[in-house]
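A.B. asks: Below is the structure I would like to discuss, written out as structure tokens.
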Amino acid sequence: GAIQRSMITQLVVSFDTQVVLAANGLRVRNRDTDQFVSLLVSSAIVSGNTVAKIQFSGSASVIDRGQSIHPGAMVELPDSLADGNYELIIEGSSITSTSSGFFVDAGKTGSMAGSNDIYGDQAVDHFYRLFGDDDGDRDIDALNNLLFRQSLNTSFGNPRYRDFFDWDGDGDINSNDEIRFRQNLNKILGP
């Protein structure tokens, strides 16, 4: 995916087989607050395998971006994770392979009872959100500021418009977005 960490509005998990997901099969936890994020999970079969799409909804770790007017229509904007470090927990004992009937060995332990995989528990995973971090380096510095300034006062359709700088998702990057960006300027998010 894209390197930017300014907005995270969804995660996609691709399995190597068809699976049945129980309600708690996929979970996202804010590592900074130790709170789980409310999720909306949908799945589809793509090329014979299950692909799960995770979106976020009303919790302390989620920013409700509301609705926005985009060319000709009012659209519901996807919510974003709030600033912080996160982990995705794949609960193998809550995911069943349709071909074998066994739980998924997400942690690759060889267990048919199901094992978990946790993505984001290591700094190398880079699973975090920091509004304004367009280059994915955990800080909001002069380079981020330069790109933001180039996007300031642009709107949807302008080639300089960057949706990940549009804090409120209203289709333009204006003073409201600049206030939020400035709150993070010179901020460093530790792992």
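The numbers here are math on the coordinates, done by the rules we state, and not lab data. Quick caveat: nothing in here was measured; it's all calculated off a predicted structure. When we count neighbours, we look across all protein chains shown, and the Cβ atoms used for this are built from the backbone with ideal geometry, even at glycine.
A.B. asks: What is the distance, in nm, between label points placed 7 Å from the Cα along the Cα-to-Cβ direction at A44 and at Q122?
C.D. replies: Here the answer is 3.1 nm between the modelled labels.
A.B. asks: Now for a separate question. Ignoring everything except DSSP H segments at least 4 long, calculate the 222 nm mean residue ellipticity for the chain; use -39,500 (n - 2.57) per segment, divide by total residues, nearest 500.
C.D. replies: The helix-only estimate for the chain comes to -3000 deg cm²/dmol at 222 nm.
A.B. asks: Given R₀ = 22 Å, FRET efficiency for D64-L152 by Cβ-Cβ distance, to 0.05? List each step's numbers first, then the result.
C.D. replies: Values: r = 24 Å, r/R0 = 1.08.
After rounding, the FRET efficiency stands at 0.40.
A.B. asks: Could you compute the net charge surrounding L26? Neighbours are other residues with a C-beta less than 13 Å from the C-beta of L26; K and R count +1, D and E count -1.
C.D. replies: Taking every Cβ under 13 Å from that of L26, the sum is 0.
A.B. asks: Say the dipole of region 149-191 comes from +1 at the beta carbon of Lys and Arg and -1 at that of Asp and Glu; which of S155, G169, P191 then lies farthest toward its positive end?
C.D. replies: The listed residue farthest towards the positive side: P191.
A.B. asks: State the Cα centre-to-centre distance between region 106-168 and region 33-56 in whole Å.
C.D. replies: Computed from Cα coordinates, the inter-centre distance equals 18 Å.
A.B. asks: Tell me whether region 142-184 comes out rounded, prolate or oblate; compute the Cα gyration tensor, take square roots of the eigenvalues as a ≥ b ≥ c, and use a/c under 1.5 as the rounded threshold.
C.D. replies: oblate
A.B. asks: Taking neighbour counts of Cβ atoms within 10 Å as a proxy for exposure, in what order, fewest first, do D64, D32, D79 appear?
C.D. replies: D64, D32, D79
A.B. asks: Running a GNM on the chain with Cα contacts under 10 Å, which residue among L130, L147, L88 ends up with the highest mean-square fluctuation?
C.D. replies: Looking only at L130, L147, L88, the biggest GNM fluctuation is shown by L147.
A.B. asks: Mind ranking 50-61, 3-14 by how tightly packed they are, going by the mean number of other C-beta atoms within 10 angstrom, highest first?
C.D. replies: The most tightly packed comes first, giving 3-14, 50-61.
A.B. asks: Something else now. Answer with a single label: of (1) 54, 45, 26; (2) 118, 45, 24; (3) 55, 40, 27, which was calculated as Cα extents along the principal axes in Å from the structure in view?
C.D. replies: Derived directly from the coordinates: (3).
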